[in-house]
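Enquirer: Mind having a look at this structure? Questions to follow.
The values are calculated or read from the model by the stated rules, or taken from the named source; none is laboratory data. If you're wondering where the values come from, they're calculated on a predicted model, not measured in any experiment. So basically every Cβ, Gly included, is an ideal-geometry build from the backbone, and we count neighbours across all protein chains shown. Calculation scope for accessible area: heavy atoms of the full protein, side chains included, ligands and nucleic acids excluded. Shrake-Rupley method; radii C 1.70, N 1.55, O 1.52, S 1.80 Å.
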Amino acid sequence: RDLGQQLSQNVLLHRIEQPGDHGLVQLQQRVRLAAPVHRDADIAADHFRISPREVITKAQALYRRALELNPTNFTAATDLAQSYYAIQVPLTGDAAANAKAAQKLSDEALDAWETALNLARTDAERQSVQLHRARVQISARRGADARASLAKVTDPKLVSLKAELEVRLTAEEARIKP
């Protein structure tokens, strides 16, 4: 199915029913649909005639609701955290306000990744989350925190991603040095 068909069937972006057996199944279906919605926010925005930011906000609400109903849902926690990658800080023309908004967004994303980290069941999940935390920390110019997160990644399957982030971190630190 194309995204438009999925969206047409996804009335839950607009409301979430009280969970019962039927309501919980519907919520699970809606959460599964939220992932492509937040990843294709422009298409969803056109379909629902709302802004891409509103699409992401609605998808995040679904992830949060899923976590309320199942507080150990690692997948919902990581999907919520990943949704922050799709958000761009609106530029106001005021550098201080822009920096404050970027800081707030980074803090929210890191809080979401912290939740995912706490729900991770395996070492591989924890290390994958650490890579995401480092990515956000680099963007937020928190080099020491990023290095600490990267130091926790030892899985050979993640070494190349870790190395890419270390190069990015070194370049960012060199760029901002006086």
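Enquirer: Mind checking which residues of the range 94-124 are among the hydroxyl-bearing types (Ser, Thr, Tyr) and not in a helix (DSSP H, G or I)?
Expert: Scanning the range 94-124 gives a single hit, Thr122.
Enquirer: Run Val25 past the list (1) at pLDDT below 70; (2) in contact with a helix residue (DSSP H, G or I) (Cβ under 6 Å, 6 or more places away or on another chain); (3) open to solvent by 50 Å² or more (accessible area, probe 1.4 Å); (4) among the aliphatic types (A, V, I, L, M) and report the number of the one that doesn't hold.
Expert: Exception for Val25: condition (2).
Enquirer: Scan the range 147-178 for residues that are hydroxyl-bearing (Ser, Thr, Tyr), surrounded by 11 or more Cβ atoms within 10 Å (Cβ to Cβ) and over 21 Å from the mean Cα position of the chain (by Cα) and report the count.
Expert: 2
Enquirer: Turning to a different aspect of this structure: Mind checking whether some residue in the range 119-128 is within 15 Å of the chain's Cα centre (by Cα), open to solvent by 20 Å² or more (accessible area, probe 1.4 Å) and free of Cβ contacts under 8 Å to residues at least 24 places away in the same chain?
Expert: The answer is no; no qualifying residue exists.
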